[in-house]
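Asks: Sharing a structure here in structure tokens format.
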Amino acid sequence: IKQMETYQDLENNLEMKDNINKMVDYCYNQAKNAGWHNKPREVGTDLMLITSEIAEAMEGARKNLMDSHLKNRKMFEVELADAIIRIFDTAGKYNIDLGGAFVEKLEYNLNREDHKLENREKDGGKKF
């Protein structure tokens, strides 16, 4: 993604935003229709459900496991997909414009001093 300098850049960013928000709506509605939102949950539980998917991805990567459900895929990639699904579902539940925040954050990160290689390589710079 480039900085929005032309109409085409703006159009691409708006398309990305819209596509992400469509996925948010899809994942939220799929979970809602399956009954996952029938009982109230606080935001902390929703965030920990996302965290649990990341932990499962770590386990898959650490042990180089294949997924037990999608047997043609590594557990690492499937659990990352699960985390994204949960993030999208959570964004839908709380009516968050995740697409807009995503595009704005990518654009912001383009010019962050602490994201530039020369600054990361300095003493005290971000190493990862």
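The values are calculated or read from the model by the stated rules, or taken from the named source; none is laboratory data. All values derive from a computational prediction rather than experimental measurement. No Cβ is skipped: glycine too gets one built from the backbone with ideal geometry, and neighbour counts run over all protein chains shown. The accessibility values were calculated without ligands, DNA or RNA, using every heavy atom of the protein model including side chains. Shrake-Rupley method; radii C 1.70, N 1.55, O 1.52, S 1.80 Å.
Asks: Residue check, Thr51 against (1) modelled with pLDDT of 95 or more; (2) over 13 Å from the mean Cα position of the chain (by Cα); (3) of a type in the set (S, T, N, Q), all met but one. Which one?
Replies: (2)
Asks: Still on this model: Considering only residues that are charged (D, E, K, R) and farther than 9 Å from Glu79 by Cβ, look in segment 50-63 and name the one that is most open to solvent (accessible area, probe 1.4 Å).
Replies: Taking segment 50-63 and keeping what is charged (D, E, K, R), we get 53, 56, 59, 62-63.
Still in the running and farther than 9 Å from Glu79 by Cβ: 62-63.
On the way: Arg62: 153, Lys63: 107 Å².
Step by step, filter segment 50-63, then rank; the result is Arg62.
Asks: Here is a follow-up. Select from segment 64-85 the residues that are assigned to a loop (DSSP other than H, G, I, E, B) and not aliphatic (A, V, I, L, M) and write down the one among them that is surrounded by the most Cβ atoms within 10 Å (Cβ to Cβ). Give the steps one after another, and end with the answer.
Replies: Here is the first cut: in segment 64-85, the ones assigned to a loop (DSSP other than H, G, I, E, B) are 64-65, 67-73.
Narrowing the set further to residues that are not aliphatic (A, V, I, L, M) leaves 64, 67-69, 71-73.
On the way: Asn64: 9, Asp67: 18, Ser68: 9, His69: 8, Lys71: 7, Asn72: 7, Arg73: 14.
Top of the filtered list is Asp67.
Asks: Keeping to segment 88-104, report how many residues are free of Cβ contacts under 8 Å to residues at least 12 places away in the same chain and open to solvent by 90 Å² or more (accessible area, probe 1.4 Å). Spell out how you get there, then give the answer.
Replies: Taking segment 88-104 as the starting set, the residues that turn out to be free of Cβ contacts under 8 Å to residues at least 12 places away in the same chain are 95, 101, 104.
Going one step further and asking which of them are open to solvent by 90 Å² or more (accessible area, probe 1.4 Å), we end up with 95, 104.
Final tally of qualifying residues: 2.
Asks: Let me ask something additional. Limited to segment 23-49, what total is found for residues that are among the charged types (D, E, K, R), open to solvent by less than 90 Å² (accessible area, probe 1.4 Å) and in a loop (DSSP other than H, G, I, E, B)?
Replies: Qualifying residue count, segment 23-49: 1.
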